[in-house]
1. Limited to the stretch A:87-109, what total is found for residues that are among the basic types (Lys, Arg) and open to solvent by 10 Å² or more (accessible area, probe 1.4 Å)?
2. Would you tally the residues in the stretch A:48-80 being in a strand (DSSP E or B), among the charged types (D, E, K, R) and either near the ligand (Cβ under 7 Å from one of its atoms) or out of contact with any Asp or Glu (no Cβ under 8 Å at 6 or more places or on another chain) (or both)?
3. Can we say A:Tyr138 is among the hydroxyl-bearing types (Ser, Thr, Tyr) and surrounded by 23 or more Cβ atoms within 10 Å (Cβ to Cβ)?
4. Within the stretch B:207-262, track down each residue that is loosely packed, with under 15 Cβ neighbours inside 10 Å, among the charged types (D, E, K, R) and modelled with pLDDT of 95 or more.
5. Would you be able to tell me the number of residues in the stretch B:122-144 that are in contact with a Leu (Cβ under 6 Å, 6 or more places away or on another chain) and either surrounded by fewer than 20 Cβ atoms within 10 Å (Cβ to Cβ) or part of a strand (DSSP E or B) (or both)?
6. Any idea which residue in the stretch A:83-101 is farthest from B:Trp214 (Cα to Cα), counting only those that are away from chain B (no Cβ under 12 Å) and touching a Phe, Trp or Tyr at 6+ places or on another chain (Cβ under 9 Å)?
7. Hey, could you check the stretch A:373-390 for residues that are surrounded by 13 or more Cβ atoms within 10 Å (Cβ to Cβ), at pLDDT below 85 and among the β-branched types (Val, Ile, Thr) and say which is farthest from A:Pro310 (Cα to Cα)?
8. Return the residue satisfying two criteria in turn: it lies in the stretch A:149-159 and is touching a Pro at 6+ places or on another chain (Cβ under 8 Å) and open to solvent by 30 Å² or more (accessible area, probe 1.4 Å), and of such residues it is farthest from the ligand (Cβ to nearest atom).
Amino acid sequence: MELLEKLKILGDSAKYDAACTSSGVDRGGSIDGIGNAASCGICHSFAADGRCISLLKVLMTNYCLFDCKYCINRRSNDIERARFEPRELAELVINFYKRNYIEGLFLSSGIIKSPDYTCEQMIEILRILRYEYKFNGYIHAKAIPGADPLLIEKLGFLADRMSVNIELPSEESLNKIAPDKSKRNILLPMHNIRTGIEENHTEIVKYKAAPKFVPAGQSTQMIIGATPESDLQIITLSEALYKKFSLKRVFYSAYVPVGDEKFLPSKETKPPLLREHRLYQADWLLRFYGFEAKELLDEKHSSFNPLLDPKCNWAVNHPEFFPVEINKAPYELLLRIPGVGVNSARRIMMARRTANLNFKDLKKLGVVLKRAQYFILCNGKMTEGLKVTETAVMRELMSASVVKKLDENGAFPDNSYGTQISFFDNENKNLSMEDSVKCLTGQM
Amino acid sequence: MSYGTNVTYRYDGSFNGLMTAVYKAISSKKMPENIISEEDSQTILFHEEVVVSDEEISSKMQKYIREKISFDALDNIRRCYFSNAKEKEMLILKYILLGKKYGRKVDTMLSVDTVITMFKVVKRFSNEANFYREFLRFTENEGVLSSVIEPENFVLPYIVYHYEQRIGNLDFLIYDKTHKVALIHKDKHSDIVFIDDFSLPEADDKERFYRELWKGYYNIIGIKERYNEKLRMNLMPKKYWKHMTEFEDMFGNNKENKKCLMG
Ligand code: SF4
């Protein structure tokens, strides 16, 4: 088979993995090798779906012994199969890298012969790259569930980042849909990698030249919308994963149907992109804004509001925190204002040391006043002439793209939320946060 | 500093020249009407004064900025100088004057127009430099990697280090078509030189092979159900596409395909 054919097949089979970043490790070039790594990560292109292309993301092979129902590579699926020779793939990476197409390699694989054998073959590819080509660029390797811990360790000394995909947000779903995988087989390598990273840190403190184990940390991915778990369950799980396994990232991947399988959404189902987007926003709030999962959702409201981003949603439901005085509020509270991001919060902290800030200044500092104005005071005053009506507040808080998504009847045409959400024609009835908006506006 | 003098300084366009002009303005305590470079306007203005670039004064000025304001301030000034911002010289002068008065605090004065404008210029500049770490593409020919870029700002000095780190063991050339300047890296040594014209060598078989592979990969990696043209354009502005391998067929850079299309 020609290399171009192989590349298309093995790229196509790998594209549903959402992890794309090349971030987390800074490494200069070497005297005789090729490549470096920048901790901020570099996207070299953006695909037609707007996703970043940073690494050559391929499977070593898409032959697979397993039969995970959500996966196009599952054993029972009738598709074309291919496999890279280790040397052939290594050469491809180097040639792409030189031409500045990529930052490195994201290598995953279907399981051939056995998890151990598969893992050994991946190690061989990485060995050629690191030792023969002296490649210093970025490598992300997938840990193969069920492979010998020693092999995973070996892989970890060659890779910058590793990931073990948790795949589905609950054990029950995992058993039903990925019968060859088990919670244990996923969490064990995750645990081992974490321990490995910690031990390696102490090692490096002792001997500077000690080889680095997974220096960019580990990540995982969850498939969204294939199984019935709620947003609350999902972000609670993410929170636990960040804490327990010190993960660098949890990725969310809206399920794209790969066939009509039992227990899975039908082939016509559109991937729940807005839901995925909300989960990423919430994830961001957990990692950088000091929110806890239980603040964002609870048993009564277990899914994110499609109309409002999770932060606005929190804000309109917690009028007791607002309005916030920009010239006095602590950093943690600034971060909770809709329209104020990490950067603008930092700039506010900085700028107010030398000046008393007014609304015009805030705009210059990058605050999205359109949203923030309802929640803030500058020197005890709110924006002059601001009309605070429920409709006005809600309209400003909803992003234009969401508003556009609603058809004339106020429903989502792709029906990704199951229910029709009527908003514009009868706005007071169907919004759960309606009462709180009232408190909020009353207060202001 | 007194205002209302209508003298315009003309400098030679070099960084040293600009620093000399700034020094002159500060030491004479007179705010010039404008500072322009040789290229800015050919007609000689009535109240024009030519500033002769002086290396010693320039390094004195830079030392002053580093020590009295901050290291970051000097970096901002350099980036602004290399940018294509309108009237960047006066912006630099005003920024230095603020720095002279407030010291390193100047960069926290984010409600002052001069500081905000400076930050915006620096940000635009740095963004573009960043884009050329991402979207630049090399063609390999006889062991040399070459690339053509068309940046608005003069970003070459700011991407040298990156490519040295990345492929420093290989020989490479990056040609900035806008400013007609090339970065030439040969035998682990980089130079920036003026070159009137340069175009990429015709792709040989090996180069064609890898380009086809890359395009093949690029075209399958997007997920159909998620296509989002607007998002792609926001993240990768169309002006960069022209020199990117993945779009070569769209811009007719691919001579072979063009031949096919024509007949
Ligand atoms: S193990 Fe499961 S998820 Fe992985 S390639 Fe095989 S079928 Fe797909």
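1. Step one: of the stretch A:87-109, the residues among the basic types (Lys, Arg) are A:87, A:98-99.
Remaining after also requiring open to solvent by 10 Å² or more (accessible area, probe 1.4 Å): A:87, A:98.
So the count comes out to 2.
2. Count: 0.
3. Working: among the hydroxyl-bearing types (Ser, Thr, Tyr): yes; surrounded by 23 or more Cβ atoms within 10 Å (Cβ to Cβ): yes.
Criteria met by A:Tyr138.
4. Listed by number, the list holds a single entry, B:Arg208.
5. Summing the residues that are in contact with a Leu (Cβ under 6 Å, 6 or more places away or on another chain) and either surrounded by fewer than 20 Cβ atoms within 10 Å (Cβ to Cβ) or part of a strand (DSSP E or B) (or both) in the stretch B:122-144 gives 1.
6. Pass one, the stretch A:83-101, residues away from chain B (no Cβ under 12 Å): A:83-87, A:90.
Next, from what is left, pick out any that are touching a Phe, Trp or Tyr at 6+ places or on another chain (Cβ under 9 Å): A:83, A:90.
Working: A:Arg83: 18, A:Ala90: 15 Å.
Ranking the qualifying residues of the stretch A:83-101, first place goes to A:Arg83.
7. Per the stated criteria, the residue is A:Thr383.
8. Here is the first cut: in the stretch A:149-159, the ones touching a Pro at 6+ places or on another chain (Cβ under 8 Å) are A:149, A:152, A:157.
Next cut, open to solvent by 30 Å² or more (accessible area, probe 1.4 Å) only: A:149, A:157.
Details: A:Pro149: 18, A:Phe157: 23 Å.
Filtering the stretch A:149-159 for residues that are touching a Pro at 6+ places or on another chain (Cβ under 8 Å) and open to solvent by 30 Å² or more (accessible area, probe 1.4 Å), the one farthest from the ligand (Cβ to nearest atom) comes out as A:Phe157.
The values are calculated or read from the model by the stated rules, or taken from the named source; none is laboratory data. Just so it is clear, the structure is predicted and the values come from calculations on it, not from any experiment. All Cβ positions, glycine included, derive from the backbone under ideal geometry; neighbour counts span all protein chains shown. Heavy atoms of the whole protein, side chains included, go into the accessibility calculation; ligands, DNA and RNA do not. Shrake-Rupley method; radii C 1.70, N 1.55, O 1.52, S 1.80 Å.
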